[in-house]
Amino acid sequence: MSLMFYSPIDDPDPWREALGAALPDLEFRVWPDDGPLDNVRYTLVWKPPIGWHRQFPDLRAILSLGAGVDAIVADPDLPPEVPIARLRDAGMAQQMAEYALYGALHFHRRMDEYARQQGGSVWQPLAPKLIGERGVGVMGLGVLGSAAAAMLARTGFKVAGWSRTRHQLDGIACWSGFEDLERFLAGSEILINFLPLTPDTLGILDAATLVLLPRGACIVNSARGAHVVEADLLAALDNGQIRGAMLDVFAEEPLPALHPLWRHPGVIVTPHVAAVTIASEAAGQVIDNLRRLRRGEAPVGVVDRAAGY
Ligand code: NAP
Ligand code: GLV
């Protein structure tokens, strides 16, 4: 019985070590290899190619190396009955909250504008605003969004959150559903995205929604690039509707060298690092799920395929 590891970015060695120590009778294999395909019971994957899972005839579960599973559920050939389990936090919630807080403070304290002023040797104090009056909107109140919202609220921001179903979170104004989106966006001077990429959220930040933000709003996107219609964001940055954007994720990654987002003065680019999977933090969750599966139990963190997350 074996587990097949596939990732274009993760080092398999710490995973081999952790899983080998905990489950010595489970063979750990790294794709590509030329062993038999019919004894692969589990896969542990990040962005597997479309159609890749089809080749394992006796697959029992797909374990994601990430929190987001859009690249896995995008495969129309996935065996329908096989559960997909994603990482829940696994060390990412703290990283994500730090990234969100950094972005929120950057724009709240107008560091983007001071950086531009510095470029022209301009000494010009800008009007401050109390942190408790600065509206920060958090899109997605799941594992990562709720952790970030809590940290932003503890820091003193006026935080609102938006999710599919209604949540109740201390100190956070909670909105839900597309019927609340306009009111949620109207109060978001800094908008931070933690949504999963699904058919409902694809392109959700486009010209029609960006215009609903207060004029001069700022955006932090730490979820998926395809949430943002990049041409619409560039237009909104150019016309002043959006003052600045801190972007960790892009429609195409790595961001192509000639892409205008690299050079736009209102944009900060980071290379999909807002919250990374660290094997020492995440292996326990994967091992626990493998033990559950081998006992015939459902894994934790099963993805609702119909909802897409
Ligand atoms: P999660 O726990 O599944 O939370 C998803 C949240 O989004 C939930 O609150 C959910 O609402 C909400 N949501 C889903 N569809 C919605 C819709 N149509 N309208 C409104 N709200 C909707 O996911 P997570 O663990 O927090 O991760 C979120 C995403 O972060 C991942 O999917 C991934 O794309 C991204 N991510 C990025 C990085 C990075 O480094 N850049 C790292 C890790 C993850 P309900 O609560 O009502 O279900
Ligand atoms: C990273 O983007 C993840 O989904 O874990």
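We did not get these values from a lab; they are worked out from the coordinates using the rules stated. Note that the coordinates shown come from a computational prediction; the quantities given were computed from them, not determined experimentally. In this analysis, Cβ positions are derived from the backbone assuming ideal geometry, glycine residues included, and neighbour counts consider all displayed protein chains.
For segment 1-95, treating each Cα as an identical point scatterer without solvent, what Debye log10 I(q)/I(0) comes out at q = 0.13, 0.19, 0.26 1/Å?
Debye curve over Cα of segment 1-95, log10 I(q)/I(0) at q = 0.13, 0.19, 0.26 Å⁻¹: -0.43, -0.93, -1.61.
Contour minus end-to-end for Ala115 and Ala21, with contour as 0.36 nm per residue of separation and end-to-end as the Cα-Cα distance?
Details: separation 94, 0.36 × 94 = 33.84 nm, distance 4.97 nm.
Here the segment from Ala115 to Ala21 would lengthen by 28.9 nm.
Given a Förster distance of 30 Å, report the FRET efficiency between Asp13 and Arg54 from their Cβ-Cβ distance, rounded to the nearest 0.05.
On the way: r = 28 Å, r/R0 = 0.92.
After rounding, the FRET efficiency stands at 0.65.
In deg cm²/dmol, rounded to 500, what helix-only [θ] at 222 nm does the chain give when every DSSP H run of at least 4 residues adds -39500 (n - 2.57) and the total is split over its residues?
On the way: 10 runs with 96 residues, N = 309.
Only helices count here, giving -9000 deg cm²/dmol.
Quick one: Cα convex hull volume of segment 170-309, Å³ per residue? Don't skip to the end; give the middle numbers.
Details: hull volume 21.5 nm³, N = 140.
Per-residue hull volume (Cα only) is 154 Å³.
Pull out the extension gain between Asp304 and Glu252, defined as 0.36 nm times the separation in residues minus the alpha carbon to alpha carbon distance; nm, one decimal. Please list the in-between numbers first.
Working: separation 52, 0.36 × 52 = 18.72 nm, distance 2.56 nm.
Result for the pair: 16.2 nm of gain on full extension.
Could you tell me what percent of the DSSP beta bridges with both partners in segment 92-269 are antiparallel, to the nearest 5?
Numbers: 1 of 27 bridges.
Taking every DSSP beta bridge within segment 92-269, about 5 percent pair in antiparallel fashion.
In degrees between 0 and 90, to the nearest 10, how far off the longest principal axis of the chain does helix 92-108 point, with axes built from Cα atoms?
In the chain, helix 92-108 runs at an angle near 10 degrees to the longest axis.
For segment 92-269, what is Rg from Cα atoms divided by 2.2 N^0.38 Å, rounded to two decimals?
Relative to the 2.2 N^0.38 Å estimate, segment 92-269 comes out at 0.98.
What does the chain give for Rg and for Dmax, in Å, if only its C-alpha atoms count?
Computed over the Cα atoms of the chain, radius of gyration and Dmax are 21.0, 68 Å.
So what's the gap between the Cα centers of segment 57-106 and segment 125-149, to the nearest angstrom?
24 Å
Of Tyr114, Tyr42, Tyr99, how do they rank once you tally other Cβ atoms within 10 Å and put the fewest first?
In increasing order of surrounding Cβ atoms, one gets Tyr114, Tyr99, Tyr42.
Any idea what the dipole of the chain comes to, in debye rounded to 20, about its Cα centre with Lys/Arg Cβ at +1 and Asp/Glu Cβ at -1? The partial results should precede the final answer.
Numbers: 27 positive and 36 negative charges, 186 e Å.
Rounded to the nearest 20 debye, it is 900 debye.
Multiplying the sequence separation of Glu297 and Met1 by 0.36 nm and subtracting their Cα-Cα distance, what value in nm do you get? Walk me through the numbers on the way to the answer.
On the way: separation 296, 0.36 × 296 = 106.56 nm, distance 1.75 nm.
Length gained between Glu297 and Met1: 104.8 nm.
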